[in-house]
Number of protein chains: 4
Amino acid sequence: MKVAVLGARGKVGREICAGVRAAEGMALVAELDLGDSLDDLVAAGAEAIVDFTHPDAVMANLAFCIEHGIDAVVGTTGFDEERLATLRAQLGENPGSGVLIAPNFSIGAILMMRFSAQAARYFESVEVIELHHPDKADAPSGTAGRTADLIAAARREAGLGAPPDATSTGIEGARGADVDGIKVHSLRIRGLVAHQEVVLGGSGETLTIRHDSLDRVSFVPGVLLGLRRIGAAPGLTVGLDAFLDLD
Amino acid sequence: MKVAVLGARGKVGREICAGVRAAEGMALVAELDLGDSLDDLVAAGAEAIVDFTHPDAVMANLAFCIEHGIDAVVGTTGFDEERLATLRAQLGENPGSGVLIAPNFSIGAILMMRFSAQAARYFESVEVIELHHPDKADAPSGTAGRTADLIAAARREAGLGAPPDATSTGIEGARGADVDGIKVHSLRIRGLVAHQEVVLGGSGETLTIRHDSLDRVSFVPGVLLGLRRIGAAPGLTVGLDAFLDLD
Amino acid sequence: MKVAVLGARGKVGREICAGVRAAEGMALVAELDLGDSLDDLVAAGAEAIVDFTHPDAVMANLAFCIEHGIDAVVGTTGFDEERLATLRAQLGENPGSGVLIAPNFSIGAILMMRFSAQAARYFESVEVIELHHPDKADAPSGTAGRTADLIAAARREAGLGAPPDATSTGIEGARGADVDGIKVHSLRIRGLVAHQEVVLGGSGETLTIRHDSLDRVSFVPGVLLGLRRIGAAPGLTVGLDAFLDLD
Amino acid sequence: MKVAVLGARGKVGREICAGVRAAEGMALVAELDLGDSLDDLVAAGAEAIVDFTHPDAVMANLAFCIEHGIDAVVGTTGFDEERLATLRAQLGENPGSGVLIAPNFSIGAILMMRFSAQAARYFESVEVIELHHPDKADAPSGTAGRTADLIAAARREAGLGAPPDATSTGIEGARGADVDGIKVHSLRIRGLVAHQEVVLGGSGETLTIRHDSLDRVSFVPGVLLGLRRIGAAPGLTVGLDAFLDLD
């Protein structure tokens with residue numbers, strides 16, 4: 001499989017290039033970055049690209065790939081409904097291409113979210129703790145927010161009400177942020193990278209699902225999985241979950 | 001729903017009686033133990049029983065229930081293939097009854113095992129740690145052994161070989177017990193009850209699934225779930241997993 | 001050593017009676033509760049008492065003990081500076097007695113607080129997570145508040161400023177409660193008892209100190225330690241820390 | 001304070017150079033590696049050096065420093081009693097120099113070991129879990145072995161016997177390695193770096209002390225602390241503990 005990387009000189013891109021080079025059955029045929037021509041993809045015979053570029057560049061990159069029958073695995077951010085609709089239309093006219101847009105390529109993070117949502121309906125209580133380095137600007141993290149949303153939806157579907165909480169006196173903030181009825185706690189600790197723990201509890205027992213991301217290379221296996229599956233998934237796929245055989 | 005408990009005066013049985021009494025839509029109509037007559041079940045109009053008795057008693061209890069069209073949720077141990085075949089034959093002749101045989105009613109433990117097996121195919125490394133009070137006779141625990149078996153099977157199915165391990169020098173036992181190629185570590189610590197942690201790791205990330213059982217009441221929600229589902233599940237069901245809607 | 005327990009029929013008192021009975025070198029000579037006469041202590045020849053009674057009763061109990069040269073290990077709450085001053089005056093006049101007043105007899109909790117305060121000066125970041133059952137009324141817990149106070153004091157003494165935190169956008173409460181400049185996060189989860197984790201972090205590493213209290217018997221070893229040491233500690237001692245040889 | 005680094009081009013050395021450059025009140029005046037002359041230290045006016053070189057080189061480096069009144073903070077391995085005696089003799093003749101030999105500069109690891117040993121005398125049970133990447137050759141790790149030794153010594157001093165363990169049947173290795181009577185469990189997981197957890201337990205409670213080293217820069221604060229204190233500590237000091245004010 002001939003793979004090209006767009007955004008190849010960024011921190012993430014470099015790791016992906018290394019990952020593709022080391023992967024069995026894959027050849028890295030082009031490394032493009034700012035200023036390079038997309039025509040190089042055709043010249044190199046790329047069958048699939050990985051795009052970790054910029055919201056300003058990614059739509060043009062994908063239009064080119066779709067036109068030329070090249071599959072795409074995309075980690076660039078900034079996709080809203082409008083952009084997804086544009087891609088769907090383009091892919092409708094060019095049924096030979098597949099595009100995977102994923103906000104998160106860490107298989108561990110995806111499984112943490114999925115298992116948490118699946119378990120949520122069976123436990124009276126559930127809260128989310130996320131721990132990151134102290135240079136992070138937002139609290140809670142995007143992943144924690146998404147996890148809480150998924151848990152809240154699963155509880156509603158199962159007919160569960162709010163988790164029990166008898167707190168009547170306390171200090172503001174102690175009980176965390178409320179995300180769709182689910183409590184989320186954000187720690188900022190020097191030395192940490194990106195970590196999350198979902199604690200579920202019922203009578204006499206707890207189930208804890210924890211994801212630790214210790215190095216940015218954690219998304220490489222997910223990108224490689226996306227590349228291996230995209231050829232058999234024409235059209236638009238959103239979220240790497242679709243390529244994990246969990247059911 | 002009219003429920004009877006067999007083994008009602010044992011530690012476990014007492015908790016189940018309390019759980020049934022407190023459960024919405026259930027009535028505890030009979031509490032039997034050693035010396036009581038099974039005819040009481042019919043007299044009390046029991047629709048389903050819970051059996052936490054003894055391997056010596058359970059087959060007779062179940063034969064009676066199957067004959068009388070009473071469903072059964074069974075936590076008693078000692079079921080081998082021969083016993084299961086006997087039950088299947090009896091249920092075949094009495095299609096009105098359902099019997100659930102479950103080695104474990106803790107929903108948290110069941111989800112831990114299931115999630116561990118599902119995740120196993122996506123991670124290079126995986127090991128199991130189980131922690132119990134120091135009065136436990138066996139190491140590793142039965143749950144840890146089953147978890148390792150499930151993980152090993154999932155890895156084989158996914159074509160994964162042995163987890164990487166460069167250990168060349170060391171002290172005997174440091175790397176744990178080998179259960180079907182999966183390392184299992186057993187801690188015995190005063191103050192603990194029953195705990196297990198499955199640590200999975202791949203490039204740059206780890207996923208940890210931990211179950212803590214802090215009180216014997218942890219099996220009550222699973223027994224109640226079994227009771228709620230057994231009426232719609234005629235025949236023999238092995239394992240509570242079948243009643244969790246995880247797919 | 002002849003020991004009497006005041007408050008012997010309460011939940012805590014019963015555990016202490018059992019602990020004293022099982023302890024080597026101790027005899028339980030009297031079990032008093034509401035309505036019993038303190039004279040029984042003298043009649044039974046009690047050398048030391050354990051008091052887990054009520055703020056309304058404890059000062060009279062201690063006055064009696066001090067007058068009669070009986071040592072006291074006290075877990076009853078409600079001691080303010082005025083009460084301590086009263087005890088000091090009484091003990092000054094009766095130098096034969098020792099009284100230990102301790103807000104916490106769990107050796108694990110005491111060590112967690114002490115180690116956290118000792119480590120605090122060496123790490124840039126530190127936050128506290130406490131996890132309890134959802135029937136608890138206050139958040140954060142008293143232990144978490146005390147821990148944060150001790151950490152804050154240790155950081156000030158070491159000349160450390162506020163822990164780093166670049167949070168600029170977020171949801172209210174995500175970053176927890178602020179206790180003297182230290183962030184404290186409170187989780188309320190069914191199935192849990194009383195748990196606390198202090199996470200300290202510096203460049204490239206974290207140190208986590210966690211205490212899990214799984215059963216009310218966790219204070220028994222601390223009470224027995226208090227009894228063993230109180231005979232050699234005349235006067236007033238506040239906090240079991242004083243009897244742990246940590247320096 | 002004028003600091004020179006020996007072994008400056010190694011992985012560790014480069015991090016130390018960066019750390020010294022960023023440290024308040026320190027100037028990096030020389031970066032030496034294989035082939036450079038020690039005379040550069042004098043020319044640069046170095047007041048203290050950091051040595052992360054090789055057992056073959058370190059004794060000559062230190063002899064030079066001691067002769068020239070330069071303090072030394074040493075992370076190079078291979079020091080036995082004979083080498084320490086040699087250094088003591090040299091320092092006796094040159095009382096102006098201080099040398100710190102430390103097997104571990106991670107403050108988190110040092111505190112973990114110290115707190116574990118201090119707590120050990122108060123808990124019936126204690127075991128050690130260490131988790132590392134799967135390319136590590138030895139199991140258990142050196143740090144885990146040292147921790148177990150310290151714990152075993154503390155228990156002996158407190159008159160404690162072997163931790164309770166009723167294991168009578170099991171799979172070989174499940175209960176871990178026996179290090180001086182203390183059980184040690186070694187996990188090897190891809191994605192991890194270097195982690196250790198000491199679990200102590202008594203009636204109804206556990207205390208867990210965990211150290212996570214996520215990045216090799218974790219030793220930098222310890223090296224800087226050594227540099228700041230070595231000027232006031234003439235002669236030989238073994239172990240960074242001596243410079244932590246823990247008592």
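Within the shell of other residues whose beta carbon sits under 12 angstrom from the beta carbon of A:Thr76, the net charge comes to -1, with Lys and Arg scored +1 and Asp and Glu -1. Between D:Asp180 and C:Ala27, the FRET efficiency estimated from the beta carbon spacing at R0 = 51 angstrom works out to 0.90. Each part reduced to its alpha carbon centroid, the range B:78-110 and the range C:18-69 end up 56 Å apart. Legend: distances between Cα atoms for A:Lys2/D:Lys136; A:Lys2/A:Lys136; A:Lys11/D:Lys11; B:Lys183/D:Lys183; A:Lys183/B:Lys183; C:Lys11/C:Lys136; pairs beyond 25 Å are A:Lys2/D:Lys136; A:Lys2/A:Lys136; A:Lys183/B:Lys183. Take each residue in D:193-203, count the other chain C-beta atoms within 10 Å of its C-beta, and the mean is 6.
If only the Cβ of Lys and Arg carry +1 and only the Cβ of Asp and Glu carry -1, the dipole of chain D around its Cα centre is close to 480 debye.
What separates the A:Gly181 label point from its copies, with the point 7 Å along Cα to Cβ, is 4.1, 4.4, 5.5 nm, written shortest first. The fraction of Cα-Cα pairs per 10 angstrom bin, counted from 0 for the range A:107-214, comes to 15, 48, 31, 7, 0 percent, rounded to whole percents.
Measuring from the axis that maps chain D onto chain A, the chain D residue with the nearest beta carbon and its rounded distance in angstrom come out as D:Leu214, 3. The HN-Hα couplings worked out from phi for the range B:224-230 by the Karplus form 6.51 cos²θ - 1.76 cosθ + 1.60 (θ = phi - 60°) are 5, 4, x, 4, 5, 9, 5 Hz, whole numbers, x standing for Gly and Pro.
For the range B:107-214, with only Lys/Arg (+1) and Asp/Glu (-1) charged at the beta-carbon, what is the dipole magnitude about the Cα centre, in debye rounded to 20?
Working: 11 positive and 14 negative charges, 36 e Å.
Here the size comes out at about 180 debye.
Take C:Pro103, move 7 Å from Cα toward the beta carbon, and the resulting point lies 4.0, 4.2, 4.8 nm from the same point in each other copy, nearest first. For the segment C:117-130, counting C-beta atoms of other chains within 10 Å of every residue's C-beta and taking the mean gives 5.
Between D:His68 and B:Leu34, the modelled labels are 8.5 nm apart [label points 7 Å from Cα along Cα→Cβ].
What's the ranking of D:130-137, A:44-51 by average number of surrounding C-beta atoms within 10 Å, highest first?
On the way: D:130-137: 18.5, A:44-51: 22.6.
So the peptides D:130-137, A:44-51, ranked by packing, come out A:44-51, D:130-137.
C:Ile182's amide H: which non-local residues (gap 5+, or another chain) put their own amide H closer than 5 Å, with H modeled 1.01 Å from N in plane and none for Pro or chain starts? Result for C:Ile182 returns nothing.
Per the Debye formula on identical point scatterers at the alpha carbon atoms of the range A:152-247, with no solvent, log10 I(q)/I(0) at q = 0.21 Å⁻¹ is -1.24. Think of each Lys and Arg Cβ as +1 and each Asp and Glu Cβ as -1; about the Cα centre, that makes the dipole of the protein assembly as shown roughly 0 debye. Computed from backbone phi, the HN-Hα couplings of the range A:125-131 come to 10, 7, 9, 10, 10, 10, 10 Hz, rounded to whole numbers (Karplus: 6.51 cos²θ - 1.76 cosθ + 1.60, θ = phi - 60°; Gly and Pro given as x). In percent, rounded to a whole number, the relative contact order of chain D is 23, using alpha-carbon pairs under 8 Å and six or more apart. Sorted from closest to farthest, the other copies place their C:Ala27 label points 5.7, 7.7, 9.2 nm away, with each point set 7 Å from Cα along Cα→Cβ. As an equivalent ellipsoid, the range C:81-161 spans semi-axes of 30, 19, 12 angstrom, where each value is the square root of five times an eigenvalue of the C-alpha gyration tensor, largest first. Applying D = kT/(6 pi eta Rh) to chain D, where Rh is the Kirkwood radius over alpha-carbon pairs, T corresponds to 37 °C and eta to 0.692 mPa s, the Stokes-Einstein value obtained is 167 µm²/s.
If the Kirkwood radius is taken over C-alpha pairs of the protein assembly as shown, then at 25 °C and 0.890 mPa s the Stokes-Einstein diffusion coefficient equals 78 µm²/s.
Here's how it looks for D:Asp33: its modeled amide H is under 5 Å from those of D:Gly7, D:Ala8, which are all 5 or more places away or on a different chain. Only helical runs count toward this figure. For chain C, summing -39,500 (n - 2.57) over DSSP H runs of n ≥ 4 and dividing by all residues gives -10500 deg cm²/dmol at 222 nm. The angle between the Cα long axis of helix A:142-157 and the main principal axis of chain A comes to about 60°, on a 0 to 90 degree scale. Averaged over the residues of A:141-153, the number of partner chain Cβ atoms lying within 10 Å of the residue Cβ comes to 1. Residues with beta-carbon under 13 Å from that of C:His185, excluding C:His185: net charge, scoring Lys, Arg +1 and Asp, Glu -1? Local net charge: -2.
Normalised by the empirical 2.2 N^0.38 Å for globular proteins, what value does the Cα Rg of the range C:12-126 take?
Numbers: Rg = 16.9 Å, N = 115, 2.2 N^0.38 = 13.4 Å.
Taking the Cα Rg and dividing by 2.2 N^0.38 Å, one obtains 1.27.
Values quoted throughout were computed directly from the atomic coordinates according to the rules given, and no laboratory measurement underlies them. What you are looking at is a predicted structure, and each value in this text was computed from that prediction instead of being measured. Cβ sites come from the backbone with ideal geometry, for glycine too, and all protein chains shown count toward neighbours.
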